[in-house]
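Shown next, in C-alpha cells, is the structure this report addresses.
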Amino acid sequence: MPKVRVDGIEVEVPAGATVLQACEAAGVEVPRFCYHERLSIAGNCRMCLVEMEKAPKPVASCAMPAADGQVILTTTPKVKKAREGVMEFLLINHPLDCPICDQGGECDLQDQSIAYGKGFTRYDENKRAVTEKFMGPLVKTVMTRCIHCTRCVRFAEEVAGVEEIGAIGRGENMQITSYLEKAVTSEVSGNIIDLCPVGALTSKPYAFQARPWELKKTDGIDVMDAVGSNIVIGSRGPAVLRITPRINDDVNEEWLSDKGRFACDGLSERRLDKPWVRVDGRLQPASWGDAFAAIKAGLAGVPGAAIAGLVGDLAAVEDMVAFQDLLGSLGATRIECRQDGADIDVAARGNYLFNSGLAGIETADVVLLIGTDPRREAPLLNVRLRKRAKRGQSKVFGIGPAVDLTYPVHWAGDDAALLADLPAEIAEALAAAERPAIILGMGALKTPGVLAAAAALAGQFRVVRDGWNGWNLLHNAAARVAGLDLGLVSEGGVAGMLGDEGLKALFVLGADEIDLTPRRDVFTVYIGTHGDHGVRTADVILPGAAYAEKPGTWVNLEGRVQRALRAVFPPGEAREDWTIFRALSQVLGQRLPYDDISELRARIGRQWPHLVAVDTVAAAETPLAIAAGPAPADPIALPIGNYYLTNPIARASETMAECVAQIGAGAGLLEAAE
C-alpha cells in the first residue's frame, strides 16, 4: 500500500486511493464540490487543488491517484491562491440570492466561499441566466445557481439507474436538465437534493417552509418499506416539515427512498384525532370514556375464542406486544400480522428473514428473484442489487412478471410451475455459484406451493452453506418481521380467521390493506392514525400515534432491531397505541402490568431478548425448516400496484398524489389495499 506524506503527516492508504482520500486519512480538510465518495470521479470543479512536490502546478486531488513517496501540501500560498481563483470563477455567474435561497444555511458553496474565497470579485459583467427546468413534483430547480458539478447526473446514471438527467450545451451554455424536461421517474430521485452542493436542486414540497436552524432534528426509522432506513425527522412545533436520510452503511448507506422522504405531509392529513363510536349505523365523535364503555359493552358475553386481532404494516414492537397482551388477557389466541395473506413458514426465524443482509447481498454472485419487484418494494435494496450487477459481478434471474429494475435481469416467465422445472440457464448458474441467493417476494407467497418449491431449490443448490445464507424473504411491511418474531400468526392465515363464522369481535391495529366489509357483522374496534380503509366497518375508532409521534422499535427485513425517538406529539386526543391498550385493559378488568415504556420494554426483553438488542441482528437458524407442499402451477403476481399508495400515510399525502398524477408509477393499477 502506498505511503503518502500530507502536510508532514505520513499516511498509508489502500492501492487505488486518491490524493484527496490520503488527505482525509491524514485528518486534513480538502474542499470539494463535484467529488462524492459514492459516485465516480468527475474532476469538474477543481476546488480540491493541492500542491504536489515536483508538480509544475496545483493538482486536482480527487482525480490524482496516490502513489508511494508523494509529498502533498494543502496550506501553501500557491494552494490558497489557486482555491481563491477557483472560487472566484464559480461565483462569476452564481446569483447572490442567499437570503431567498432554500439551500441557505446548509449550502456547501456558501460555507466554502467564506472559508476559501477572496471575499470580493473582479467580475463586473452581467451574470448569465438559465431558464427553469422541470424535474417533477419532488425536485425544485433553480438552474441559474448550478455550478455544473454533475453530482445529480452521476447519481441518476450510476446509483438510481434512471438516465433521465444530463447536460446539454457546452462551456458557458452548458445546462443540466431532465430528459425532454419531463418528471424524473426514479424512486430514489430525492437524493439529488442532498447531493446538490448549491441551491440548484431543492425539495419542492419543503420549499419556503423553514430554515434549517428552525427545525428540531430527531432520529427516526422509515416505515414506508421494510428496509428500516435511518432518517432524521425535521419538525417545527407540532408539524413534521421534512425527512432526510441518516448515514448507516449497513442499512441505507446515505440514501432514502422518495416515499420515505416525501410522504411525511400525509402525517397531518385525514388524521383521526378523537375517538368515534358507531351509533345507529353512524359514526359519532365520543370521549375516551365513552369509547371504552362501548368496547366493554360490545365484548359483553363474547368468549375469548370468538375474539381475534389483526395487525397492520406500520406498528411498532411495543404496540404489538401490548396489543397481544390485551387480547391474551381476554382469552383471544388468534392474532394475525400477515394481512396480505402471504404464506410464511414461521417454524424457524431463518425461514422468514432476509438472511444475506442488505450489505451482504452485494456479495452474491447469482440472484434469483421470485415474484418480487425490489425497485418498488424496497428501492434501496434494488440500489444495492444494481451496484453489483452493473459491475458484472453478479447475474440476476427472475421468475414472475417482468419489470424494469434498472439493471439486466433474465426473466424466465411468470408461471410458478417454472420453480419445479427450472430453465437450464438458471439451474446452471445457481449450480456454479459460490454465493447464490434466492429473493422471494410477498407476491409469490400468495401463490400456493411457491414457498415449498423455492425452499426445495434452496436445498438443491445449497443456497445455505458454511459462511453464507442466501435464503431471503423480501418483506414490504415495516412491522412484518417483528410480528412474526412475536408469533402473531394464526392457523389458516387471515382468510381462515376472517372466514370463521364464530368470530364475534375483531380488534384492528392499523390494518388498512385488507377489505373487512364482508365481516360487517363482527364487532370491530379500529386503532390507527388515518381515516383510511380500516375504519369503514369499525364500530369503535381509537386514534393512535404515527411513527414520528412516538418512541418505538422496528425490526427490518434482515432482522435488525432499530429504535426511533418521538419527533412530535400526536394530534388532538390521539395517544400512543400501547398506552391505549394499557388504559383499555383497566376498563375491561384485565390491567396490563406496565405503566411506562421502560417497563413495557423490560417485559419484551424477558420474553424476546433479541427485540431489545438495538442495532443488532440476531443469528438465524440454519438450515431451512420449511415443509414440502403441492407443486405450484398458477401465475405469480406482484404485491404492489402503485408504489406511491401503499399505506394510509402515503395515501393521505398530497405529494404522493402529485407523484401519481405526474410520474405515473403504476397509475391505473389497483392500490395495495384493493
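Once every Cα of region 197-306 carries one equal point scatterer and solvent is ignored, give the base-10 log of I(q)/I(0) from the Debye formula at q = 0.11 Å⁻¹, two decimals.
These q points yield log10 I(q)/I(0) values of -0.58.
Relative contact order for the chain: what percent, with Cα pairs under 8 Å and sequence separation of 6 or more?
The normalised contact order for the chain reaches 15 percent.
From largest to smallest, what semi-axes in whole angstrom does region 458-581 give when each is the square root of 5 times an eigenvalue of its alpha carbon gyration tensor?
Each semi-axis is √(5λ); the values are 31, 23, 10 Å.
Can you tell me the orientation of helix 450-460 relative to the chain, as the angle in degrees between its alpha-carbon axis and the longest Cα principal axis, to the nearest 10?
Result, in degrees: 60.
Where only protein heavy atoms count, and the probe is 1.4 Å, what is the accessible area per residue for the chain in Å²? Before the final figure, lay out the partial values.
Values: 26390 Å² over 674 residues.
That works out to 39 Å² for each residue.
Label Asp466 and Glu491 with points 7 Å out from Cα along Cα→Cβ: what is the distance between them in nm?
Once both label points are built, they end up 4.1 nm from each other.
Sorted by packing (mean other beta-carbon atoms within 10 Å per residue), highest first, where do 102-110, 162-170, 635-643, 351-359 land?
Top to bottom by mean Cβ count within 10 Å: 351-359, 635-643, 102-110, 162-170.
May I ask for the net charge around Thr553, where only other residues with Cβ less than 12 Å from the Cβ of Thr553 are counted and Lys, Arg are +1 while Asp, Glu are -1?
Neighbour charge sum, excluding Thr553 itself: 0.
Work out, step by step, the length gained on full extension between Asp290 and Met1: first 0.36 nm times the residue separation, then minus their alpha carbon distance; give nm to one decimal.
Full extension from Asp290 to Met1 adds 96.8 nm.
Please report the carbon-and-sulfur percent of the accessible area for region 395-535; probe 1.4 Å, protein heavy atoms only, DNA, RNA and ligands left out.
49
Distance from the Cα centre of region 445-478 to that of region 287-323, in angstrom?
Taking the Cα centre of each part, region 445-478 and region 287-323 sit 35 Å apart.
Please compute the net charge surrounding Leu503, taking Lys and Arg as +1 and Asp and Glu as -1 over other residues with Cβ under 10 Å from its Cβ.
Once all neighbours under 10 Å are counted, the net charge is 0.
Is region 619-662 rounded, prolate or oblate when judged by the Cα gyration tensor, a ≥ b ≥ c being the square roots of its eigenvalues, rounded requiring a/c under 1.5 and prolate requiring a/b larger than b/c?
oblate
Assuming R0 = 60 Å, what is the FRET efficiency of Ala297 and Ala55, from their Cβ-Cβ distance, to the nearest 0.05?
0.10
Given a cut-off of under 8 Å on Cα pairs at least six residues apart, what relative contact order in percent is computed for region 549-641?
On the way: 70 pairs, mean separation 25.3, N = 93.
This gives 27 percent for region 549-641.
Taking the Cα centre of each part, how many Å lie between region 118-147 and region 157-191?
Centre-to-centre distance over Cα atoms comes out at 16 Å.
Please give the contour-minus-distance gain from Arg391 to Glu125: 0.36 nm per residue of separation, less the Cα-Cα distance, rounded to one decimal in nm.
91.1 nm
Given the -39500 (n - 2.57) contribution per DSSP H run of 4+ residues, what per-residue ellipticity at 222 nm results for the chain, rounded to the nearest 500 deg cm²/dmol?
Dividing the helical sum by the residues of the chain leaves -6500 deg cm²/dmol.
Lysines near Lys81 by alpha-carbon distance under 23 Å, same-chain residues fewer than 8 away left out - which ones?
Within the straight-line limit of under 23 Å, Lys81 reaches these lysines: Lys54, Lys57, Lys118.
Is the shape of region 110-231 rounded, prolate or oblate, going by the alpha carbon gyration tensor and its root eigenvalues a ≥ b ≥ c, with a/c under 1.5 for rounded and a/b larger than b/c for prolate?
Values: a/c = 2.10, a/b = 1.29, b/c = 1.63.
Oblate, because a/c is 1.5 or more while a/b does not exceed b/c.
Does anyone have the angle between helix 577-587 and the longest principal axis of the chain? Alpha-carbon axes, 0 to 90°, nearest 10?
20
Please check which bits of region 197-239 a label hung off Asp111 would reach, taking the label as a point 7 Å along Cα-to-C-beta and the cut-off as backbone N under 15 Å.
197-199, 212-213, by backbone N distance to the label point.
Quote the relative contact order of region 312-436 in percent (integer), defining contacts as alpha-carbon pairs under 8 Å separated by 6+ residues.
Reported relative contact order: 20 percent.
Quote to one decimal, in nm, the extra length available between Ala602 and Asp365 on full extension: 0.36 nm per residue of separation minus the C-alpha distance between them.
So the chain would gain 81.1 nm between Ala602 and Asp365.
Among the aspartates and glutamates, which have Cα under 13 Å from the Cα of Lys3 when same-chain residues fewer than 8 positions away are ignored?
Answer for Lys3, where 13 Å is the Cα cut-off: Glu12, Asp68, listed by chain and number.
May I ask for the angle, rounded to the nearest 10°, between helix 597-607 and the longest principal axis of the chain, with both axes built from Cα atoms and the value confined to 0 to 90°?
Between the helix axis and the principal axis of the chain, the angle is about 70 degrees.
Which residues does a label at Gln662 reach in region 120-142, if reach means a backbone N under 13 Å from a point 7 Å past the Cα toward the Cβ?
Of the residues in region 120-142, 133-142 have backbone N under 13 Å from the label point off Gln662.
Starting with the highest mean, order 533-544, 370-381 by the number of other Cβ atoms within 10 Å, averaged over the residues of each peptide.
370-381, 533-544
Taking 51 Å as R0, compute the FRET efficiency from the Cβ-Cβ separation of Gln586 and Glu29 and round it to 0.05.
Working from the Cβ atoms, E equals 0.30.
With a point put 7 Å past each Cα toward its Cβ, work out how far Asp595 is from Asp97 in nm, to one decimal.
According to this spin-label approximation, the distance is 5.8 nm.
What FRET efficiency comes out for the pair Ser268/Leu565, r = Cβ-Cβ distance, R0 = 22 Å, nearest 0.05?
Step by step, r from the Cβ atoms, then E = 0.70.
The values are calculated or read from the model by the stated rules, or taken from the named source; none is laboratory data. All values derive from a computational prediction rather than experimental measurement. Positions of Cβ are generated from backbone atoms using ideal geometry, with glycine treated the same way; all protein chains shown enter the neighbour counts. Each accessible area value is taken on the protein alone, full model and side chains, heavy atoms only, with ligands, DNA and RNA left out. Shrake-Rupley method; radii C 1.70, N 1.55, O 1.52, S 1.80 Å.
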